[in-house]
Amino acid sequence: MKAIILAAGRGSRMKDMTDDRPKCLVELHGKSLLQRQLDALRQAGIGDIAIVTGYKRELLADSGLTEFHNPRWSETNMVSSLACAQAWLQASPCIVSYSDIFYETDAVASLMASNAPLAVTFDPHWQALWEKRFGDPLLDAETFRLNGDGTVAEIGNKPESIAEVQGQYMGLLRFTPESWAEVMRIRTVLTSAECDRMHMTGTLQRLIEAKRIPVTAIPYEKSWGEVDSIEDLKAYV
């Protein structure tokens, strides 16, 4: 199995910490987020790893990874960056990881073990971490509701209550050629501007509504985190 790390964006909410480097090179307790991801992926047995670059791509040139470059990184959202790696996505199952998260090998292994056409990891005990990061967890939370069979019923909308958030989507998922083809089918009916704006949870919600490919949810209860701001670096001890 292969893995793709999405590292095209700047991460402007990190302020001056990303003035001279892409967000994935920000360090958490002395180790970059990128290195943490690579460690988890390689320990799970994944050797073929690609990175989608954009902002300050030259700083990732010696990473030893296959590069897919998004020259329009500042004008497009995450799914357009992922589409730059379409050759891999069409050929075989791929783990896809946001570049501003960290996780343990078990998170990767659980996705590799899944037979679902599309699977996402989620944290069922998300609330304590979000309270630590934001005070009021609903300030940054998105809906994440499950069906009885463990597939996702709703993702990415603004919740009105904690009850609408049954877990936190982590930004770590697994596409197969079948599910990626469905993403591309959806994109073909959108305008170029709509495609540029597509983010990942919005795309997952479109897949759910199309009812052609289920989105399987895999619970993950070990250490992980998202680094979206300078304050986040202090939240993980």
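General remarks:
- Scanning region 122-158 for residues that are without any contact (Cβ under 8 Å) to a residue 24 or more places away in the chain, surrounded by 15 or more Cβ atoms within 10 Å (Cβ to Cβ) and in contact with a helix residue (DSSP H, G or I) (Cβ under 7 Å, 6 or more places away or on another chain) returns T143, R145.
- Residue that is closer than 21 Å to V79 by Cβ, assigned to a helix (DSSP H, G or I), open to solvent by less than 50 Å² (accessible area, probe 1.4 Å) and at pLDDT 95 or above, where the choices are A193, A119, A109: A193
- V183 under 19 Å from the mean Cα position of the chain (by Cα), open to solvent by less than 10 Å² (accessible area, probe 1.4 Å) and over 18 Å from S110 (Cα atoms): yes
- A single member of E178, E131, E142, E182 is among the charged types (D, E, K, R), in contact with a Lys or Arg (Cβ under 8 Å, 6 or more places away or on another chain) and not in a loop (DSSP other than H, G, I, E, B), and it is E182.
Per-residue answers, yes or no, for (1) of a type outside the set (D, E); (2) in contact with a helix residue (DSSP H, G or I) (Cβ under 6 Å, 6 or more places away or on another chain); (3) buried (at least 17 other Cβ atoms within 10 Å of the Cβ); (4) at pLDDT below 95:
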site	(1), (2), (3), (4)
L204	yes, no, yes, no
I208	yes, no, yes, no
K211	yes, no, no, no
P214	yes, no, yes, no
A217	yes, no, yes, no
Y220	yes, yes, yes, no
W224	yes, no, yes, no
L233	yes, no, no, yes
Y236	yes, no, no, yes
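- Inter-residue pairs, beta-carbon under 8 Å, first within 27 Å of W88 (Cα to Cα) and in region 1-29, second part of a helix (DSSP H, G or I) and of a type in the set (G, A, S), 6+ apart: L6/S81; A8/S81; G9/S81
The values are calculated or read from the model by the stated rules, or taken from the named source; none is laboratory data. Note that the structure is a prediction, hence the values are computed from the model and not measured. Cβ coordinates were reconstructed from backbone atoms using ideal geometry, including for glycine residues, and neighbour counts include every protein chain displayed. Protein only, heavy atoms only, side chains kept; ligands, DNA and RNA dropped before computing areas. Shrake-Rupley method; radii C 1.70, N 1.55, O 1.52, S 1.80 Å.
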